[in-house]
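Novice: Once you've had a glance at the structure underneath, I'll fire off some questions.
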Amino acid sequence: MKIVLTGSLGRINQTLVPKLAHAGHDVTVISHNASRSGLIKVFRATPAIGSITDEAFLTQTFKGADVVYLMLTGIMASEDIHAAATQQAETYAAAIKAAGVKRVVNLSSVGADLGPEVGSLYMYHLIEQTLITALPDVDITFIRPTAMYYNLLSSVPTVRKSHRIYTNASLEVKNVWVAPVDVTTVLIQALTKPTTGQTVTYVASDEQTYLEVASALSKTLKMPDLRVSQVPDQVMQDHLITAGAPAAFAREYVKTVAYQRDHDFYADYRAHQPRLGEVKMADFAQVFAEDYRNRQVIK
């Protein structure tokens with residue numbers, strides 16, 4: 001199959017690209033960074049260097065593809081992430097239509113079934129609806145991963161400094177986590193064994209409360225006093241901004257977590273419960289520990 005992937009060589013594509021190429025597929029990887037070309041070629045794929053905001057470039061790159069994989073990148077610094085996401089979806093849809101592509105796999109997110117009340121994740125709802133409306137004759141699979149394990153790596157500095165994980169989430173409600181490699185497994189199925197119509201598939205690896213997360217990390221790090229602390233929304237927002245997050249995104253992200261804390265965020269996920277993947281929180285704890293050891297001590 002001729003497969004075109006957006007997302008350069010990000011966390012998911014680092015495993016997705018070589019697996020697809022090794023299986024004999026003709027893989028093209030879109031990246032805005034020309035320095036990625038060499039590694040893309042090492043993975044036996046073809047680099048296409050250009051911007052995902054360039055409709056003409058996308059149209060040319062998508063032509064002849066059996067399936068195109070779409071994901072969202074590079075909008076977190078936008079003043080209005082929802083407007084930026086909608087614009088990107090419109091650009092993707094126009095290029096898909098102009099190129100005559102009949103099969104799309106879109107990396108969406110848990111929470112895409114909800115409205116603006118869900119904060120930052122609302123952008124995925126907007127993307128899904130834009131693609132559905134603009135491409136009624138295109139088969140689309142929306143892949144909705146849950147929270148990525150690697151987001152927990154943002155807590156390495158506070159774990160090192162004060163043996164604490166800070167969150168505005170509930171500490172006792174089960175959150176659903178996923179590893180990129182488990183997302184890759186589902187993506188390969190969606191890309192190479194297409195279905196008809198417009199469908200949704202959730203992806204998850206483990207279900208753990210923040211208290212259980214802290215316990216797993218405490219054990220792996222051999223740090224018995226490691227704790228997770230719930231903080232008010234505004235405190236969390238201020239912390240994210242201090243750590244370097246754009247203010248607009250920090251505000252929307254905190255809103256997302258607050259919704260998860262106060263509402264039945266996972267209702268649609270449970271209604272379409274997937275089989276859990278292979279990578280568990282205990283496995284990710286090893287990754288966290290390695291990152292912890294490799295970072296410079298904060299003074």
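Novice: Over all distinct alpha-carbon pairs, what is the Kirkwood Rh of the chain in angstrom?
Specialist: In the chain this quantity evaluates to 20.1 Å.
Novice: Using modelled backbone amide H atoms (1.01 Å from N, in-plane), which distant-in-sequence or interchain residues come within less than 5 Å of Ala147's amide H?
Specialist: Val176, Val178
Novice: Holding the Cα-Cα limit at 20 Å, pick out from Lys174/Lys280; Lys2/Lys63; Lys161/Lys219; Lys41/Lys193; Lys2/Lys41 the pairs that are longer than that.
Specialist: Where the Cα-Cα span goes over 20 Å, the pairs concerned are Lys41/Lys193.
Novice: Tell me which residues come under 5 Å, amide H to amide H, from Val200 once H is placed; ignore anything under 5 positions away on its chain.
Specialist: Under 5 Å from the amide H of Val200 lie the amide H atoms of Phe142, each far enough along the sequence or on another chain.
Novice: With the radius of gyration and the Kirkwood radius both derived from the Cα set of the stretch 75-161, what is their ratio Rg to Rh?
Specialist: Here the Rg-to-Rh quotient is 1.07.
Novice: Return a whole-number percent for the relative contact order of the chain, with Cα pairs under 8 Å and 6 or more residues apart as the contact set.
Specialist: Relative contact order, the chain: 18 percent.
Novice: Compute the length gained on full extension between Ala77 and Arg293: take 0.36 nm times their separation in residues and subtract their Cα-Cα distance, giving the result in nm to one decimal.
Specialist: 74.8 nm
Novice: Quick check on packing: order 53-65, 178-190 by the mean number of other C-beta atoms within 10 Å, highest mean leading.
Specialist: Top to bottom by mean Cβ count within 10 Å: 178-190, 53-65.
Novice: Related question: What does the helix-only formula give at 222 nm for the chain: each DSSP H stretch with n ≥ 4 adding -39500 (n - 2.57), the total divided by the residues, and the result rounded to the nearest 500 deg cm²/dmol?
Specialist: Using -39500 (n - 2.57) per qualifying helix, the result is -13500 deg cm²/dmol.
Novice: Just grab the label-to-label distance for Lys41 and Ala23, each label 7 Å out from Cα along the Cβ direction, in nm (one decimal).
Specialist: 2.6 nm
Novice: With contacts defined as alpha carbon pairs under 8 Å and 6 or more residues apart, what's the relative contact order of the stretch 102-238 in percent?
Specialist: Computed over the stretch 102-238, the figure is 28 percent.
Novice: Can you tell me the length gained on complete extension of the stretch Ala243 to His272, counting 0.36 nm per residue apart and subtracting the Cα distance?
Specialist: 6.9 nm
Novice: Ok, one more. What distance in nm lies between label points placed 7 Å from Cα along the C-beta direction at Arg11 and Leu211?
Specialist: For Arg11 paired with Leu211, the spin-label model returns 2.6 nm.
Novice: From the P(r) of the stretch 1-98, could you give the percentage of C-alpha pairs in the tail past 22 Å?
Specialist: When every Cα pair of the stretch 1-98 is considered, 27 percent fall beyond 22 Å.
Novice: Based on Cα coordinates alone, diagonalise the gyration tensor for the stretch 129-203, multiply each eigenvalue by 5, take square roots, and list the semi-axes in whole Å, largest first.
Specialist: Over the Cα atoms of the stretch 129-203, the semi-axes work out to 35, 14, 10 Å.
Novice: Multiply the residue gap between Asn33 and Val231 by 0.36 nm, knock off their C-alpha separation, and tell me the result in nm, one decimal place.
Specialist: 67.4 nm
Novice: Additional query: What list of ³J(HN,Hα) values in whole Hz, one per residue of the stretch 13-24 in order, does the Karplus curve 6.51 cos²θ - 1.76 cosθ + 1.60 (θ = phi - 60°) give from phi, with Gly and Pro shown as x?
Specialist: Each residue of the stretch 13-24 in turn: 5, 4, 9, 5, 4, x, 5, 5, 5, 5, 7, x Hz.
Novice: For the stretch 154-287, what does the equivalent ellipsoid look like in terms of its semi-axes, each the square root of 5 times an eigenvalue of the Cα gyration tensor, given largest first in whole Å?
Specialist: Semi-axis lengths for the stretch 154-287 are 29, 20, 14 Å.
Novice: Rounded to whole Å and sorted largest first, what semi-axes of the equivalent ellipsoid does the C-alpha gyration tensor of the stretch 16-57 yield via the square root of 5 times each eigenvalue?
Specialist: Semi-axis lengths for the stretch 16-57 are 20, 12, 6 Å.
Novice: Cβ neighbours within 10 Å, averaged per peptide: list 109-120, 222-233, 156-167 in order, most packed at the top.
Specialist: Packing order, densest peptide first, comes out as 109-120, 156-167, 222-233.
Novice: Starting from the Kirkwood Rh over alpha-carbon pairs, what translational D in µm² s⁻¹ does the stretch 227-299 have by Stokes-Einstein at 20 °C and 1.002 mPa s?
Specialist: 139 µm²/s
Novice: Using Cα-Cα distances under 8 Å and only pairs 6 or more residues apart, what relative contact order does the stretch 157-213 have, in percent?
Specialist: 50 percent
Novice: Per residue of the stretch 192-206, what does 6.51 cos²θ - 1.76 cosθ + 1.60 with θ = phi - 60° give for ³J(HN,Hα)? Whole Hz please, x for Gly and Pro, Karplus curve as stated.
Specialist: 9, 10, x, 10, 9, x, 10, 10, 10, 10, 8, 10, 8, 10, 7
Novice: Return, ordered by residue number, the residues of the stretch 34-63 whose backbone nitrogen is under 17 Å from a label point located 7 Å along Cα→Cβ of Ala98.
Specialist: Under cut-off, by backbone N: 49-63.
Novice: Take every DSSP beta bridge with both residues inside the chain and express the antiparallel ones as a percent of the total, to the nearest 5.
Specialist: Counting DSSP beta bridges with both partners in the chain, the antiparallel share is about 10 percent.
Any read-out appearing in this document is the output of simple, stated calculations on the displayed coordinates, not a laboratory observation. All figures in this text were calculated on a predicted structure; none of them were measured in a lab. Backbone-built Cβ (ideal geometry, glycine too); neighbour counts: all protein chains shown.
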